[in-house]
Every structure is written in structure tokens, then in C-alpha cells.
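**Student:** The structure's right below; bear with me while I get my questions together.
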Amino acid sequence: QPRRPRPAAPSSRRRTPPAPPGPTLHDALSRSINEEAVTLYRQRAPGAVRDVAAALGVNTPLRDDPSVALGSSEVTPMDMASAYSSLARMGVPIEPSFVDRLVDVDGQVVAHRGEHAPLGDGADLPGAPGPRALDDGVARALLGMLEGVIETGTGRAAHRADRARAGKTGTTDDFVDAWFVGLTPDHTVAVWFGADDRLPLGAGEYGGRA
């Protein structure tokens, strides 16, 4: 008689429960979870972040390694204001300009910023829109996440119920630099706190606090 196969003994090894899902991009951005930023950077093609930043208005050369996702490259407040202004304009950058309009000796407006000035060599005034840097839908999604920063994230101190606001806070190691960039439908403001000698601002001086 063939022997019946014995039933297999129950395994003493327990199944490892699946890892809990990580935070959404919305949560990661609003709470400044840096690990998600690095993960997202690694999923992009080499130079992609640098190229998009330049298209949005960042003129300062950026590093091209994962540390740039943590803010390892220093930029100017003008760069920050320009890039975030491009987001507010649904991905269309605009050339920064201190000239609003050109007026002749009779007080007549010859040209506004970004327009062609029909005088002399006929040069265009600075301030014209540039080529689209982000798809409209991508810009809208990113603005929605930046609104979350103000509503429930690290930028809650800037929240007001009277109008839509968006923004992002930033803090460098040892509290040497603190940043905040804020957006409304009408204005973009970039604020940097720091010292030229790079001394720390003090413990706890995060961008959302300073």
C-alpha cells in the first residue's frame, strides 16, 4: 500500500506585514519630509531638476546630485521670487524687471515693461514672458500642494482666511538660513533670514517661525 503523504507542518515563520504606504507628495511637501524629495529626485533623468529650475527663472547654477533636493545649492532671493512667480503664472516665467514703463519728456508712455520700445535702437524693455516651463496641469497641482503648506503644513503662520495663499518654508543646517516664499493671486514675495558671516540665527529659527 502506498503511504499517504503527511500534511505539511504549519510554518513557524510569520508573514511580514506589508510596509505602510509612505506620505503623499502633498503631505511630504507641506511637512517638509526630505526623504520623499530625494526619492523623487532619483526618479528623474540626470539634470532634469536643474533644467526645470532654470526654465522657471533660477539663474544661479545648481548642483546635479540628490543633495539639491534638500537645498544644497545656494540661490538668490530674486531667483526664488522669479521661480515661484512662474508657478503662480501657471508655469509661464516672466523676466524680472525694475522698469515698469518708459515715458518720454512729454509724459507720454512709450512702452510698458516687456514691450518693444520704438526709440533709439528699438530694444525691447525687460519684463516679457518667457516660454512655458511647466505644463498648466502640473503647475496647478503644485500650487495646490503649496496651498497645503500654508493651510496645514510648516507655513501655517502665514494662513489667513480672507484670500488664497500658497508658499514654502525652508531651513538650512544649524539654522544658518531661514526662507519663506509666499504667493497670492496678485503678489509673490521671497524672504530670506540670515547673516553674511553665516552665523546661526539661533536654535528653533525654522523658516516657518522666523
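**Student:** Give, as residue ranges, the strands (runs of 3 or more DSSP E) completely inside segment 132-210 that count at least 3 residues that are aliphatic (A, V, I, L, M) and either closer than 18 Å to residue 87 by Cα or open to solvent by 30 Å² or more (accessible area, probe 1.4 Å) (or both).
**Tutor:** Correct list: 188-193.
**Student:** Going by what's in this entry, would residue 154 be described as under 30 Å from residue 116 (Cβ atoms), touching a Gly at 6+ places or on another chain (Cβ under 8 Å) and of a type in the set (Ser, Thr, Tyr)? Can you show your working first?
**Tutor:** Working: under 30 Å from residue 116 (Cβ atoms): no; touching a Gly at 6+ places or on another chain (Cβ under 8 Å): yes; of a type in the set (Ser, Thr, Tyr): yes.
Here the answer is no, as residue 154 does not meet what is asked.
**Student:** So, one more: Taking residue 77 as meeting all but one of (1) under 22 Å from residue 130 (Cβ atoms); (2) without any contact (Cβ under 8 Å) to a residue 60 or more places away in the chain; (3) out of contact with any Gly (no Cβ under 6 Å at 6 or more places or on another chain); (4) not charged (D, E, K, R), write down the number of the exception.
**Tutor:** Checking residue 77 against (1) under 22 Å from residue 130 (Cβ atoms); (2) without any contact (Cβ under 8 Å) to a residue 60 or more places away in the chain; (3) out of contact with any Gly (no Cβ under 6 Å at 6 or more places or on another chain); (4) not charged (D, E, K, R), the one that fails is (2).
**Student:** Can you name the helices (runs of 4 or more DSSP H) wholly within segment 26-122 that have at least 2 residues being surrounded by fewer than 18 Cβ atoms within 10 Å (Cβ to Cβ) and of a type in the set (Val, Ile, Thr)?
**Tutor:** Numbers: elements: 34-42, 48-56, 77-88.
Helices (runs of 4 or more DSSP H) meeting the threshold: 34-42.
The values are calculated or read from the model by the stated rules, or taken from the named source; none is laboratory data. Since this is a predicted model, take the numbers as computed values, not measurements. In this analysis, Cβ positions are derived from the backbone assuming ideal geometry, glycine residues included, and neighbour counts consider all displayed protein chains. Quick note on the areas: whole protein, heavy atoms, side chains included, nothing else; ligands and nucleic acids left out. Shrake-Rupley method; radii C 1.70, N 1.55, O 1.52, S 1.80 Å.
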